[in-house]
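Undergrad: Okay, handing you the structure first.
The values are calculated or read from the model by the stated rules, or taken from the named source; none is laboratory data. Here the structure is a predicted model, which means the values were calculated and not measured. FYI the Cβ positions are ideal-geometry reconstructions off the backbone, even for glycines, and counts take in every protein chain you see.
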Amino acid sequence: MSDRFEHWEAPEIRADGSTMYGWQVHPKHIDKLKLGVRTDIGYGTYIQPQYGVEIHDEVQIGSHCAIYSVSTIDGTHGRVVIGKGAKIGTHCSIMPSVTIGEGALIGAHSYVKSDIPAFTVAFGVPAKVVKKLEQK
């Protein structure tokens, strides 16, 4: 485990969905967000967990990301899962029904509309796997 999480405390998510860290959860669906321990979610990130969002332990999410369990553009919906130790670069969009595997790394500005396997690197619009990582 990284030292960055040594003094981690669970964030308070206020009734309006805001946090002291500047990220936000849709206020009507706060109860459908499952947040693991030692997570780091960047400023300006928005989470829409109407159909469920699970963010596992030691996940890092960059600033200004968007995680959607429902899309009003194409009518899709479904649970989003981000596996333990995954890292999501700044300005990424994660769409409904996506699972990002344990230890995966998503490059900045990526649009993730399909599952990303554990211990891989993916990026792009749409995000595609470009490399496998060693499991630790």
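Undergrad: Of the residues that make up the stretch 66-81, is at least one in a loop (DSSP other than H, G, I, E, B) and touching a helix residue (DSSP H, G or I) at 6+ places or on another chain (Cβ under 7 Å)?
TA: no
Undergrad: Same structure, new question: Go through (1) over 19 Å from Gly42 (Cα atoms); (2) assigned to a loop (DSSP other than H, G, I, E, B) and name the single condition Gly103 misses.
TA: For Gly103, the failing item is (1).
Undergrad: Run down Lys113, Lys28, Lys87 and say which single residue is within 10 Å of the chain's Cα centre (by Cα) and among the charged types (D, E, K, R).
TA: When all the criteria are applied, what remains is Lys87.
Undergrad: Between a first residue in the stretch 63-80 that is more than 19 Å from Thr45 (Cβ to Cβ) and a second residue that is in a strand (DSSP E or B) and at pLDDT 95 or above, which pairs have beta carbons less than 6 Å apart while being 6 or more apart in sequence or on different chains?
TA: If the second residue must be in a strand (DSSP E or B) and at pLDDT 95 or above, the pairs left are His77/Val70.
Undergrad: For the stretch 85-100, give me the residue count where each residue is of a type outside the set (A, V, I, L, M) and within 15 Å of Gln60 (Cβ to Cβ).
TA: 6
Undergrad: Here's something else I'd like to know. Among the listed residues Ala118, Ala108, which satisfies the condition of being in a loop (DSSP other than H, G, I, E, B), within 17 Å of Glu58 (Cβ to Cβ) and modelled with pLDDT of 95 or more?
TA: Matching residue, one of Ala118, Ala108: Ala118.
Undergrad: Follow-up. Within the stretch 47-65, is there a residue that is acidic (Asp, Glu), within 26 Å of Val121 (Cβ to Cβ) and in contact with a helix residue (DSSP H, G or I) (Cβ under 7 Å, 6 or more places away or on another chain)?
TA: Yes; the residues of the stretch 47-65 include at least one that is acidic (Asp, Glu), within 26 Å of Val121 (Cβ to Cβ) and in contact with a helix residue (DSSP H, G or I) (Cβ under 7 Å, 6 or more places away or on another chain).
Undergrad: If I go through the stretch 48-62 residue by residue, how many of them are free of Cβ contacts under 8 Å to residues at least 40 places away in the same chain and within 18 Å of Arg38 (Cα to Cα)?
TA: Here the count works out to 7.
Undergrad: Got a number for residues in the stretch 25-70 being over 24 Å from Phe5 (Cα atoms), surrounded by fewer than 16 Cβ atoms within 10 Å (Cβ to Cβ) and hydroxyl-bearing (Ser, Thr, Tyr)?
TA: 0
Undergrad: Considering Gly89, Gly83, Gly78, which residue is modelled with pLDDT of 95 or more and touching a Phe, Trp or Tyr at 6+ places or on another chain (Cβ under 7 Å)?
TA: The unique qualifying residue is Gly78.
Undergrad: Got a number for residues in the stretch 15-70 being in contact with a strand residue (DSSP E or B) (Cβ under 8 Å, 6 or more places away or on another chain) and at positive phi?
TA: 2
Undergrad: To continue, here is another question. Considering (1) in contact with a His (Cβ under 7 Å, 6 or more places away or on another chain); (2) part of a strand (DSSP E or B), say which one Val130 fails and leave the rest.
TA: (1)
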